[in-house]
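Colleague: Below are the structure tokens for one structure; questions will follow.
Every number in this text was worked out from the coordinates using simple rules, so none of it is lab data. All values derive from a computational prediction rather than experimental measurement. For neighbour counting, all protein chains shown are included, and Cβ atoms are generated from backbone atoms with ideal geometry for every residue, glycine included.
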Amino acid sequence: MNAAPDSRTLLAIYRKMSAIKHNDERFISTMLAGRLSMPYYSARGQECIPAAISVLLRDDDYLVTIYRGVHDMIAKGVPPRLIWAEFAGRSTGTCKGKGGPMHVTHPESGCMVTTGIVGAGMPIGCGLALSAQLRGDGRVTVTNFGDGASNIGAFHESMNLASVWKLPLVFVCQNNRYAEHTALATGTSIERIADRAASYGMPGLHVDGNDPLAVYAAAQEAIERARSGGGPTLIEAMTFRFNGHLIGDSGDYIPKPEYAAAVAADPYPRYRRWLADNGHANAGELDAIDAAIKAEVDAAMQFAFDSPLTDVAEVTRDVFADHAA
Ligand SMILES: Cc1ncc(C[n+]2csc(CCOP(=O)(O)OP(=O)(O)O)c2C)c(N)n1
Ligand SMILES: [Mg+2]
């Protein structure tokens, strides 16, 4: 039975959104200052989706994400200082600085795969969900991807297999209306990607991805179904990315009114207002959360830059299973 989130949960969602937003802003300003060099696919504007989903997950549930996935990682619990160190190529990073922004893995918090290959995460999500099903450990896998990825064959194969095997899996399509520079309608044959679920005999939920309550309700239904043996669900969460495909992309292919409307619907100030208007926290309490988050961002960044660069000898270590032989 679905239950509305209590104030504690609502503030936990806010804290995650704040962490995503403030880390993102600092990644960008640090890059622009020339202190960090990486391909960075900002998820600013999409923070509400993983924030609302992850409060319903167990620590040992699995996460699969994509190059635009730092919001998913932070929400799931990957420590930001380890993400910062990974992005900065430091030996203390999640993958000893060898993965970089597109290949963060942190099994301790359930973040099993980050992939730069569009559509590649979903079959891996099926594998993780199958392993949990075989072990009977109750773990749920959440596999995230974009609207463009829903046109890749692996999406359709994974949806089919997950449905046939009733895998404990939640497919989360973060529909930001663009795949690189291609607008949704130009490359996608259907208006609602959630409708594709019907072809595979699974429920498809279409939600406002900028509304934490809507995302929470859909995720609650999907996670409960997965955990209780009912099989997979496709959630399509409508959202927008504010910083182009990656930093350096001007986004000039986005019509100005569309961009302005999306920014006006920014989920972060909108949720702040909603929390205050509905008596869950006052502005001072929300400011205090933000201040604590900003101090954490300072510390995470400092940890990364105080850490040693990854040694050249590491380049081939951990790459091949038989390396030590
Ligand atoms: C198999 C594959 N084809 C093409 C690319 C190039 N590419 C990188 S991101 C991207 C767009 C994907 O868009 P979407 O799935 O909507 O995710 P978003 O970037 O919007 O989050 C493309 C085509 C790739 N990385 N992998
Ligand atoms: Mg997209």
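Colleague: Show me the ranking of peptides 17-27, 294-304 by mean Cβ neighbours inside 10 Å, starting with the highest.
Modeller: Values: 17-27: 22.5, 294-304: 17.0.
So the order, starting with the most tightly packed, is 17-27, 294-304.
Colleague: Before rounding to the nearest 500, sum -39500 (n - 2.57) across all DSSP H runs of length at least 4 in the chain and divide by the residue total; then give [θ] at 222 nm in deg cm²/dmol. Working shown, then result.
Modeller: Values: 11 runs with 139 residues, N = 325.
My calculation for the chain gives -13500 deg cm²/dmol from helical runs alone.
Colleague: What ranking do 98-111, 138-151, 234-247, 254-267 get when scored by the average of other Cβ atoms within 10 Å per residue, highest first? Display every interim value, and only then the final one.
Modeller: Numbers: 98-111: 18.4, 138-151: 24.2, 234-247: 21.6, 254-267: 13.7.
Top to bottom by mean Cβ count within 10 Å: 138-151, 234-247, 98-111, 254-267.
Colleague: Here is a follow-up. Report, in order of residue number, the helices in the chain meeting two criteria: a C-alpha extent of 30 Å or more along the helix axis, and a mean Kyte-Doolittle hydropathy of at least -0.5; treat each whole DSSP H run as one helix. Could the numbers behind the result be given before it?
Modeller: On the way: long enough: 7-32 (37 Å, -0.19); 283-306 (34 Å, 0.42).
Passing helices, by number: 7-32, 283-306.
Colleague: While we're looking at this one, here's another question. For an R0 of 22 angstrom, estimate the FRET efficiency from the Cβ-Cβ distance between ALA183 and ILE28 and round to the nearest 0.05. Each step should come with its number before you reach the end.
Modeller: On the way: r = 24 Å, r/R0 = 1.09.
The computed FRET efficiency comes out at 0.40.
Colleague: Turning to a different aspect of this structure: In the chain, how many lysine pairs have Cα atoms under 23 Å apart, counting only pairs 8 or more places apart or on different chains? Please list the in-between numbers first.
Modeller: Details: LYS16/LYS76; LYS16/LYS294; LYS21/LYS76; LYS21/LYS256; LYS21/LYS294; LYS76/LYS96; LYS76/LYS98; LYS76/LYS294.
Taking the Cα cut-off of 23 Å, the pair count is 8.
Colleague: Would you work out which of ILE28, GLY284, THR143 lies farthest towards the positive end of the dipole of the stretch 7-308? Charges go on Cβ: Lys and Arg +1, Asp and Glu -1.
Modeller: THR143
Colleague: Multiplying the sequence separation of LYS256 and ASP208 by 0.36 nm and subtracting their Cα-Cα distance, what value in nm do you get? It would help to have the intermediate numbers written out before the result.
Modeller: Values: separation 48, 0.36 × 48 = 17.28 nm, distance 2.13 nm.
In short, 15.1 nm is gained.
Colleague: Take the Cα atoms of the chain, build their convex hull, and give its volume per residue in Å³.
Modeller: Numbers: hull volume 44.4 nm³, N = 325.
Each residue corresponds to 137 Å³ of Cα convex hull volume.
Colleague: For the stretch 18-98, what percent of Cα pairs sit more than 23 Å apart?
Modeller: Values: 563 of 3240 pairs.
Roughly 17 percent, once rounded to a whole number.
Colleague: Would you mind ranking TYR200, TYR14 by Cβ crowding within 10 Å, fewest neighbours first?
Modeller: TYR200, TYR14
Colleague: Given a Förster distance of 30 Å, report the FRET efficiency between ALA295 and ALA265 from their Cβ-Cβ distance, rounded to the nearest 0.05.
Modeller: 0.55
Colleague: Right, something else. What are the radius of gyration and Dmax of the stretch 208-282, computed over its Cα atoms and given in Å?
Modeller: Both quantities, over Cα of the stretch 208-282: 16.4, 46 Å.
Colleague: What is the local net charge at CYS111, summed over the other residues whose Cβ is closer than 10 Å to its Cβ (Lys, Arg +1; Asp, Glu -1)?
Modeller: Values: positive: LYS76; negative: ASP72, GLU108.
For residues surrounding CYS111, the net value is -1.
Colleague: Dipole of the chain, Cα-centred, from +1 at each Lys and Arg C-beta and -1 at each Asp and Glu C-beta, to the nearest 20 debye? Present the calculation step by step, with values, prior to reporting the outcome.
Modeller: Numbers: 29 positive and 36 negative charges, 27 e Å.
Roughly 140 debye for the chain.
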